[in-house]
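Structure record follows, encoded as structure tokens.
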There are 2 protein chains.
Amino acid sequence: MRETCRQDDLCPMVLAYKLLSGKWKIMILWFLSDRVLRYNEISKRMPDVTQKMLTKQLRSLEEDHLITRRVYPTVPPKVEYEITEIGRQIVPIMEMMHKFGAAYIDNFRDELSKHKNTTENPEICN
Amino acid sequence: MRETCRQDDLCPMVLAYKLLSGKWKIMILWFLSDRVLRYNEISKRMPDVTQKMLTKQLRSLEEDHLITRRVYPTVPPKVEYEITEIGRQIVPIMEMMHKFGAAYIDNFRDELSKHKNTTENPEICN
DNA sequence: CCGTATCCCAGTGGATACTG
DNA sequence: CAGTATCCACTGGGATACGG
């Protein structure tokens, strides 16, 4: 594993980190891992994200080929977002992160005030 | 898995993301997963991090119980950093991230200019 | 050796209003 | 419905110098 880092000037692990960097990206990917969603459906699931930010993160994910954006030229407009093949490979990582986070909470239930309101709507994962 | 999100106002997955948020944190954790390291040894492995940032990220990781900091009151001073039990549970996540990153590179070798110089020293993972 | 102290900048993220 | 357009605040990250 460690050898692959020498291939070029970019560490795969750090690249993966960068691809997921963005306050709402993993949530978006999480929801899209379930099924194709329209803009509004994502928005409803994430009430705390402003339209601007949601659009921005969606475009960034699209640019990185983790999701696709399909526009139906209808009136009113309809836009569907779908996770890609490569994007779907992130799901197990998110699952491990979820598992780790749960274990972490078990250990440090008391001192999580720092991270409270990590999300104001806990239903996001449901 | 999804049910655990209802326990409190904090999604474990997002918490995990927050714990790892910080430009150099996964690299630090990666190096420490190998063995205990002194401040200077970490610094040598990550030439691009300023002392201030390295200290900051180390303190943050310590505050989050992912690493420990042991100070030897000698002259000159000696400080050792060690990954914790819970911190070690992140290693498989980092390994999956590495694996994903490698697969990603295989697919999009061409258009990675955006992420080039993700690290200026590719040896970081070695 | 292992840090602090200042100062600084860019980019991320947000509030609010508007539109094809 | 699915976005843009402005304007703004914050903070993560950095350069440089100094200190116990």
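The values are calculated or read from the model by the stated rules, or taken from the named source; none is laboratory data. What you see is a predicted model; the values in this text were computed from it and never measured. So basically every Cβ, Gly included, is an ideal-geometry build from the backbone, and we count neighbours across all protein chains shown.
Couple of notes before you dig in:
- Hey, A:Lys25 under 19 Å from B:Lys114 (Cβ atoms), at pLDDT 95 or above and within 16 Å of DNA strand D (Cβ to nearest atom) or not: yes
- Cβ-Cβ contacts under 6 Å between residues 6 or more apart (or on different chains), taken from a first residue in region B:75-91 that is more than 25 Å from B:Pro12 (Cβ to Cβ) to a second residue that is part of a loop (DSSP other than H, G, I, E, B) and away from DNA strand D (no atom under 16 Å from the Cβ), are listed as B:Glu80/B:Val36.
- All positions within region B:17-30 that are in contact (Cβ under 8 Å) with a residue 40 or more places away in the chain and more than 8 Å from the chain's Cα centre (by Cα): B:Leu19
- Residue tally, condition loosely packed, with under 15 Cβ neighbours inside 10 Å and within 20 Å of B:Lys23 (Cβ to Cβ), over region B:63-78: 2
- Residues of region A:80-107 satisfying the condition of being farther than 15 Å from A:Arg35 by Cβ and either among the acidic types (Asp, Glu) or more than 7 Å from every other protein chain (Cβ to nearest Cβ) (or both): A:Glu85, A:Glu95, A:Lys99, A:Asp106
- Residue match in region B:109-118 (condition: of a type in the set (Ser, Thr, Tyr), more than 10 Å from chain A (Cβ to nearest Cβ) and in contact with a helix residue (DSSP H, G or I) (Cβ under 8 Å, 6 or more places away or on another chain)): no
- Residue tally, condition farther than 23 Å from B:Leu20 by Cα and surrounded by 13 or more Cβ atoms within 10 Å (Cβ to Cβ), over region A:79-94: 6
- Here A:Leu61 fits the description: touching a strand residue (DSSP E or B) at 6+ places or on another chain (Cβ under 7 Å) and either hydroxyl-bearing (Ser, Thr, Tyr) or within 14 Å of chain B (Cβ to nearest Cβ) (or both).
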